[in-house]
Structures are given as structure tokens and as C-alpha cells.
1. Being surrounded by fewer than 22 Cβ atoms within 10 Å (Cβ to Cβ) and without any contact (Cβ under 8 Å) to a residue 40 or more places away in the chain is the filter; apply it to segment A:150-167 and report the residue that is nearest to A:ARG88 (Cα to Cα).
2. Residues to consider are A:VAL188, A:VAL103; find the one that is among the β-branched types (Val, Ile, Thr) and either on the phi > 0 side of the Ramachandran plot or over 18 Å from the mean Cα position of the chain (by Cα) (or both).
3. Out of the residues in segment B:79-122 meeting the condition of being among the aliphatic types (A, V, I, L, M) and part of a loop (DSSP other than H, G, I, E, B), tell me which one is surrounded by the most Cβ atoms within 10 Å (Cβ to Cβ).
4. State whether the residues of segment B:139-147 include one that is within 12 Å of another protein chain (Cβ to nearest Cβ) and either touching a Ser or Thr at 6+ places or on another chain (Cβ under 7 Å) or over 10 Å from B:PHE82 (Cα atoms) (or both).
5. Could you give every pair whose Cβ atoms fall below 7 Å, whose first residue belongs to segment A:64-86 and is buried (at least 21 other Cβ atoms within 10 Å of the Cβ), and whose second residue is part of a loop (DSSP other than H, G, I, E, B), counting only separations of at least 6 or pairs across chains?
6. May I ask you to list the residues in segment B:173-213 that are in contact with a His (Cβ under 6 Å, 6 or more places away or on another chain) and surrounded by fewer than 21 Cβ atoms within 10 Å (Cβ to Cβ)?
7. Quick one: B:GLU153 ticks every box in (1) of a type in the set (Asp, Glu); (2) exposed (fewer than 13 other Cβ atoms within 10 Å of the Cβ); (3) within 14 Å of chain A (Cβ to nearest Cβ) bar one, so which box is it?
8. Say whether the condition of being basic (Lys, Arg), closer than 23 Å to A:LEU174 by Cα and without any contact (Cβ under 8 Å) to a residue 24 or more places away in the chain is met by at least one residue in segment A:43-56.
Amino acid sequence: MHPTVPKTLLHIRGLSVGFGGPPIIEGIDLDVGAGQFVSLIGPSGSGKTSILRVVTGLLEPLQGTVELGVALGEIGFLFQDDALLPWRTARQNVALGLRIRDVPPADADARADHWLTTLGLAGYGDRFPAQLSGGQRKRVAIAQVLALRPRLLLMDEPFAALDAIVRTRITQELLDWVERDRLTVLLVTHDLEEAICASDAVAVLGHGPRAAMRARHAVDIPRPRDVLDAKQHPAFGPLLRTLWNDLTEGNASARAASRAATGGTSSPPGGTVEGPPPPVASDEANR
Amino acid sequence: MTGTTAGPAFRRATALMVLLAVWESLSRIGWLDPFYAPPPSAVGRVMLDLAGGELWPHLGATATAAIAGLAAGLAIGIVLGFAAALLPRLAELLEPVMILLNAIPRVILAPLFVIWLGIGLASKLALATILVAVLIFFAVFNGIKEVDRRLVERVRTLGGGHRVLVREVYVPSVTAWVMGNFKVAVGFAFTGAVVGEFVASSRGLGYLLQFAQSTYNAALTLALIVIIMTFVLLLFALAGRLERRLLRWRFS
């Protein structure tokens, strides 16, 4: 499907996930190439998070395969909430993954302090999560994941709970890290602007149940990027419009489908019947 | 207990002093019958007498039964709670028994323990132990069942296996639950020891209380009640310090 991508770190084929009822996602294909930043957007409840959970082994799929170009231990998972171990200090929380990998305690602590400093939390190592602000906890959670030097970073709406200023700042910091280390990233978000500013490609998931992959668009904005400048780039506006159409068209057809399913006499006005999916732009252009 | 600032502690002490003064005055002017309600000064004299020597072996016996019962009850409750939470088969066996034991006033087992174990320390220890063990069992069992799933997932995605999960998530989570019940457990342990001594014994504060009651000695009864209260409050203070130390991550 993407012959020019040198190596695919994440290769998902025919993935279906369900919790008893009809599958919430069905037949999902998704590739993330080495060094690529892919965002996955879609309506809430469409099963975006489930895809990440399957990749990390937290969830068993109904069907489909996930091929990883990295070991499970090389995956970093940044969760939506910032649940740190409340009984461990910031330093202990960051060092936890290192300790699990049998890094000697003193070394793990030193590396934890280094990452805390890097993320602007120098001197906060001895604080417990209850003594930190939401933004600080999020930084600790990022440090916890980055300290393991993951080769594949999965993020589930990591900044949704933060206020706009903190959010923009942390997004920028993370972007700098990703670009510096050529990290491979799959970001789940419902923020279209965030998706465009951060990614090389944006994949759009349709409406559930039985949500399918709707489109995939390349982001033609050069790197390294500044989050705020990226929004001024000529490619930003048209892509935002395209993504918006992808998502709202999904809405309209879902409404039409549900109306048809309930046998309503008022047939939808012409033109909302789902046609062929919009052309999928190749995301190789900017690689 | 929580009078850490001078203001409330001072007001409470003053209120207590006023109460004692009123009680003493009412006794002195003859409105209270000293046979039923001996004045604080009389109770104080009895306490001093007791502290002169007679008290200590009895206090020692009760404290031994209570503290050993507390330790044994904690150990048994924690082990059984962990085992039941991790082994569903065992939970099926244990939970009904524990629910039954939890539902009844467990002090009714005291006569049975005397028949089984005699009137010595063992029957008091057993009663204190079972009072505490059932309480702690449920604290641990629920603590593990209601552990924050998000934390389990965090540790798993960081690569943590079963051992790491137990050390980093389950044990701290259970510690919080157990500490939340620790003061109640201290009270239960003393209840078990003293009630066990009521039923049949040759020493202990419960034995002294029994003796005071049978001789209609209200001053001795009140003195013993004050002594037991003081001792339990002392243990509460120690438990509070332990709690603040173990759960310091909660206090920001």
C-alpha cells in the first residue's frame, strides 16, 4: 500500500473490535512508517482508543492482525488521563519503567531526574502527584514514557484535559522531541488542528458502530514545525476543511442510515447517500 | 485527636475541666450520691492507688492480649484477603464465612473460646484476633478488587509483570485501605481483650472491671474506664502517626 515507506513499524490489517454487541470498528487497515507521525481522528466513541489498546496488548481484537516492527517493550503509551502512581514521587514514577527494565536504582533515578529537568520539572522529583498541577502531572507522564526511549509512541488524546496555553506549549515540546529523535508516533485525537500541526499524515475513522477507515491525508507542511506557525501555512486551511468534510459527511450519512434503519417515511434529501470515499491522498509526498 | 492548633485543643480542655469541676461540686454539696457517681477526686485517688502497683500486671495482661491480637488479626486478615482476591476458588469458600462472621457481633464467640482455650491469655488473644481479622480481611479484599484499573494498565504498558504489579500497585493500594481501618482495628483489639476478660479470667483490666462491678465499686469502675480510654487514645495517637507516615503521599 505504501511501497516507498522504507519500513513499517506498525502494520494493522482487517482489525475488528467489539465488546459483545456489533463490532465498534471493523476491517481497519492502518500503517505507520518508521519515523512517521500519524494522527488518527474520528468521532468520539468511534473506537480510536481501542485501536491503541489492541496494539499494546491491553485488548484482544475480534479479528485482524497487528504486525509490529518493534518489540512490545519499545512501545511508549501515553494515556488520556494522567494517572500516575499516587504513592510514588515524580522521580519514582518516571524511574518505574527503567526499574522494570532492571536499570540499577541510582542510574534509574539519575535518568528520571534528567527527564524531569528536560520537561521543566527540575526540583520536583520528590513531589507526590497530589502535590503537582494537572500540567505538571502530564509532564511527569510524558517523562515516564520518554525515559524508556520508545521507538514507537502511542498517544491517546494526551492533552485533552489541559488548558489551551499549557496544551500548546507541551505539544510543541513533544513535537521537538519527536523531530529530534525521529520518533514514530500514532496520535489519537479529536482536535483537528492538533492533528494537522503535529502529523505527517492524518487518518480519519468513520462513524461507529462498524466504523471503518474513511480517508488518509498527507500533511504538506515542512519540518521542523512550530505549532503556531503551522496554522499559518497555506496547506493548513484546505486540509482542515477536508478533514472537517470527512467527519461531517460521516455524520450526515450516519443520520441517513439510522433514518433508513428505523423505516422513517421522510427520506433524506438527495445527495447525502454515501458515495465512494473521498480520494485518499498519498502521504508519501512529504517523506 | 486532631487538635493540632492551640485554639480548639484549649477549648476542649477547658470544657472538660468545667465538666469535672461541676461534677465535683455537685458531689460535694450532696446533689450526687457518691455511691453511684463518685466525684472526680475520688476516682483520681483510686487511679493513683492502682498506679502504685496493682494496675501494671493487669494492664500488661490486657495490653498483651490486645496488641498480640491486633498483630495476629492484621496478619491473618492481610494473608486471607490477598489469597481470596487472587484465588477465586478460595474466595468462594472464604467469603460466606467472613460475611457471616462480619454480620454477627463477634464477641458472642467469647464463651466458646473460653471452653476451647481456657481462661488464660489464649482465649482473649483469640477473641481480639478474630475481631480484627474479619475487619482487615474485607479491607484487603475490597482494596484489591477496587484497585484503580488505570494504574494496572499503566504499569503493564511500562512492561511490568505480576510481581511489579503487586509491589507497585496492589500492596500500596491495600496499605491505604488497611490504614483507613487501622484505628477501628485498635479499638476492636481492645474490645476483644477486655470482653474476653469479662467472661472468664484471673487477671486483666476486664477482670478488674468485673471485680469492681461485683463489689459495686463505682469509683474503681470509673477509674478503670478512664485508664482504658487513656491507653487506647495513646495507641490511636501512635496509629495516627503511622498512618501519616505510610500515607504521606495523600497529605500535600
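The values are calculated or read from the model by the stated rules, or taken from the named source; none is laboratory data. What you see is a predicted model, and the numbers here were worked out from it, not measured in a lab. For neighbour counting, all protein chains shown are included, and Cβ atoms are generated from backbone atoms with ideal geometry for every residue, glycine included.
1. From segment A:150-167, those surrounded by fewer than 22 Cβ atoms within 10 Å (Cβ to Cβ) are A:150-151, A:156-157, A:160-167; that's our starting set.
If we keep only those that are without any contact (Cβ under 8 Å) to a residue 40 or more places away in the chain too, we end up with A:162-167.
Details: A:LEU162: 22, A:ASP163: 25, A:ALA164: 28, A:ILE165: 28, A:VAL166: 24, A:ARG167: 25 Å.
Filtering first and then ranking leaves A:LEU162.
2. Numbers: A:VAL188 fails: either on the phi > 0 side of the Ramachandran plot or over 18 Å from the mean Cα position of the chain (by Cα) (or both).
Answer to the check: A:VAL103.
3. First, pick out the residues of segment B:79-122 that are among the aliphatic types (A, V, I, L, M): B:79-80, B:83-87, B:90-91, B:93-94, B:97-101, B:103-104, B:107-110, B:112, B:114-115, B:117, B:119, B:121-122.
From what is left, the residues that are part of a loop (DSSP other than H, G, I, E, B) are B:87, B:104, B:119.
Details: B:LEU87: 12, B:ILE104: 10, B:ILE119: 17.
Here the answer is B:ILE119.
4. So far as segment B:139-147 goes, yes, one or more of its residues are within 12 Å of another protein chain (Cβ to nearest Cβ) and either touching a Ser or Thr at 6+ places or on another chain (Cβ under 7 Å) or over 10 Å from B:PHE82 (Cα atoms) (or both).
5. Matching pairs, first to second residue: A:ILE75/A:THR56; A:ILE75/A:PRO150; A:GLY76/A:LEU148; A:GLY76/A:PRO150; A:PHE77/A:THR56; A:LEU78/A:PRO158.
6. Let us first name the residues in segment B:173-213 that are in contact with a His (Cβ under 6 Å, 6 or more places away or on another chain), namely B:203-205, B:208.
Result: B:ARG203, single match.
7. For B:GLU153, the exception is condition (2).
8. Pass one, segment A:43-56, residues basic (Lys, Arg): A:48, A:53.
If we keep only those that are closer than 23 Å to A:LEU174 by Cα too, we end up with A:48, A:53.
Narrowing the set further to residues that are without any contact (Cβ under 8 Å) to a residue 24 or more places away in the chain leaves A:53.
Yes; the residues of segment A:43-56 include at least one that is basic (Lys, Arg), closer than 23 Å to A:LEU174 by Cα and without any contact (Cβ under 8 Å) to a residue 24 or more places away in the chain.
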